[in-house]
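Comments concern the structure below.
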Amino acid sequence: MITLGIETSCDETSVAVVQNGRKILSNVIYSSLAQHRPYGGIIPEIASRSHLETVLPCLEEALKKAKKKPKDIDLIAVTQGPGLLGSLLVGISAGKALSLALETPLVGVDHVIAHLYAAFLSEKKLKFPFLGLAVSGGHTMVIRLDSARKWRVLGKTLDDAAGEAFDKVAKILGLGYPGGPEIDRLAKGEDTNRFFFTRPYLSQESPDFSFSGIKTAVYYTVERHPAKSSLSLKDKKAIAAGFQEAVCEVLVKKSLRAAHDNGLDTLVVGGGVSANSRLRQMFLEASKKQGVRVIFPPMILCQDNAAMIAALGTALYREGRRDTASLEAYPEFFHGN
Ligand code: KG4
Ligand code: ZN
């Protein structure tokens with residue numbers, strides 16, 4: 001079965017061709033990040049215009065790389081949400097048009113669940129149920145997945161997403177956008193205790209997260225610093241390391257606790273923040289002690305990509321899901337299933 005995946009929820013336009021929901025034949029990704037960088041964040045209008053310009057070239061390239069013709073496509077899977085509404089509409093419209101023209105079934109896919117489902121593309125032995133930690137610029141969620149259709153949110157952020165906190169702290173430190181990779185790079189090998197930030201919510205039993213307090217703490221640390229507007233690189237590095245340590249510790253401890261409480265021995269980490277090197281290191285150390293297997297999909301599958309959409313779309317189709325030309329985008333995470 002050949003599935004064409006389309007992803008346009010944020011700043012990446014991606015089209016992929018996946019065979020039988022497991023084998024990636026092509027996964028073309030175009031990012032409009034460079035156009036957003038000067039503004040210090042994603043500008044929705046720029047993102048949707050870029051999707052309009054690039055979705056068809058990405059489609060052509062994906063088919064070419066996969067050595068497939070439009071008539072070879074058996075299923076079209078498209079990101080339905082959550083994401084930027086204007087951006088989502090571009091991908092959904094492309095999916096609908098292809099589905100109608102090729103008389104091919106269409107399936108709408110959730111972007112956050114797809115980030116976790118992406119692990120099936122690299123881990124051939126992965127089986128349900130497992131716990132997923134989705135950490136991106138827009139989401140921080142701990143989700144129990146029992147099948148492609150059946151999942152339950154166990155914990156989520158009450159305010160900023162983890163990636164959002166990385167981006168905002170990077171801004172406070174005068175670093176570029178996106179902030180996660182910058183902080184990751186600066187914090188390497190630094191003393192994490194010179195600037196210590198309180199770990200929010202760790203002492204409570206609540207499965208939810210909160211990252212806006214850490215961000216504010218970093219803000220006041222900089223505000224009260226004698227050098228304030230001209231922080232030395234040494235201090236920036238130490239603050240970045242202290243902040244990163246706090247965020248990672250909360251993510252690791254809370255999700256491993258959720259795995260334990262739910263009797264799950266496998267944890268998949270997905271979304272942009274899962275690229276963080278300290279998070280990976282901390283998870284690997286802590287999970288060994290707890291006997292939990294932690295899976296990080298390869299980097300290319302951690303960022304926004306259409307292969308994960310095609311993979312989950314194929315599974316949903318096999319479980320009976322069918323959508324029509326009335327498929328609608330949703331900007332916020334859809335909790336009911
Ligand atoms: O999943 P993603 O590509 O897009 C969505 O938000 O859906 O995630 C982007 C987020 C940004 O906030 C970025 O700063 C963060 O992932 N990120 C990182 C790293 N690489 C990307 N955060 C921490 N460390 C990194 N190495
Ligand atoms: Zn994402």
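The values are calculated or read from the model by the stated rules, or taken from the named source; none is laboratory data. Remember, predicted model here, so these are calculated numbers, not experimental data. Cβ coordinates were reconstructed from backbone atoms using ideal geometry, including for glycine residues, and neighbour counts include every protein chain displayed. For the accessible areas, the whole protein counts, side chains as well, though only heavy atoms, and no ligand, DNA or RNA atoms are used. Shrake-Rupley method; radii C 1.70, N 1.55, O 1.52, S 1.80 Å.
A few notes on this one:
- Put simply, when 268-279, 311-322 are sorted by average Cβ atoms within 10 angstrom per residue, most first, you get 268-279, 311-322.
- Within-9-Å neighbourhood charge of Gly137 [Cβ basis; K, R +1; D, E -1]: -2
- Annotation for segment 1-58 versus segment 129-158: alpha-carbon center distance of 23 Å.
- Potential lengthening between Glu285 and Ser326 on full extension [0.36 nm per residue; Cα-Cα distance subtracted]: 10.1 nm
- Against the main long axis of the alpha-carbon atoms of the chain, helix 212-223 sits at an angle near 50°.
- Relative contact order of the chain, taken over Cα pairs closer than 8 Å and 6 or more residues apart, is 25 percent.
- Accessible surface area normalised per residue over the chain is 43 Å², counting heavy atoms of protein chains with a 1.4 Å rolling probe.
- Efficiency of FRET from Cβ geometry, Lys23 and Glu319, R₀ 25 Å, rounded to 0.05: 0.80
- What separates the Cα centres of segment 270-296 and segment 222-261 is a distance of 17 Å.
- Segment 13-70 - charge dipole about Cα centre, Lys and Arg +1 at Cβ, Asp and Glu -1, debye rounded to 20: 440 debye
- Hydrodynamic radius (Kirkwood) for the chain, which is based on Cα pairs only, to one decimal in Å: 20.4 Å
- Gain on full stretching of the segment that runs from Lys69 to Tyr39 - 0.36 nm per residue minus C-alpha separation: 6.9 nm
- Remark on Gly271: its backbone amide H falls under 5 Å from those of Val135, a criterion applied only to residues 5 or more positions apart or on other chains, H modelled at 1.01 Å from N.
- Across the alpha-carbon atoms of segment 4-152, the computed radius of gyration and Dmax are 15.5, 43 angstrom.
- Net charge in the neighbourhood of Arg149 (other residues with Cβ under 14 Å of its Cβ; Lys, Arg +1, Asp, Glu -1) is +2.
- Dipole orientation for the chain: of the candidates Val135, Leu301, Ala161, Leu301 has the Cα lying most toward the positive pole (charges on Cβ; Lys, Arg +1; Asp, Glu -1).
- In this simple spin-label model, placing a label point 7 Å from the Cα along the Cα-to-Cβ direction at both Arg224 and Lys253 gives a separation of 2.2 nm.
- What a 1.4 Å probe finds exposed on segment 189-337 is 51% carbon and sulfur by accessible area, rounded to a whole percent.
- Chain lengthening between Leu56 and Leu85 when straightened (0.36 nm per residue, less Cα-Cα): 8.5 nm
- Integer Hz, Karplus 6.51/-1.76/1.60 couplings in order for segment 252-261, x for Gly and Pro: 5, 5, 5, 6, 5, 5, 5, 4, 4, 4
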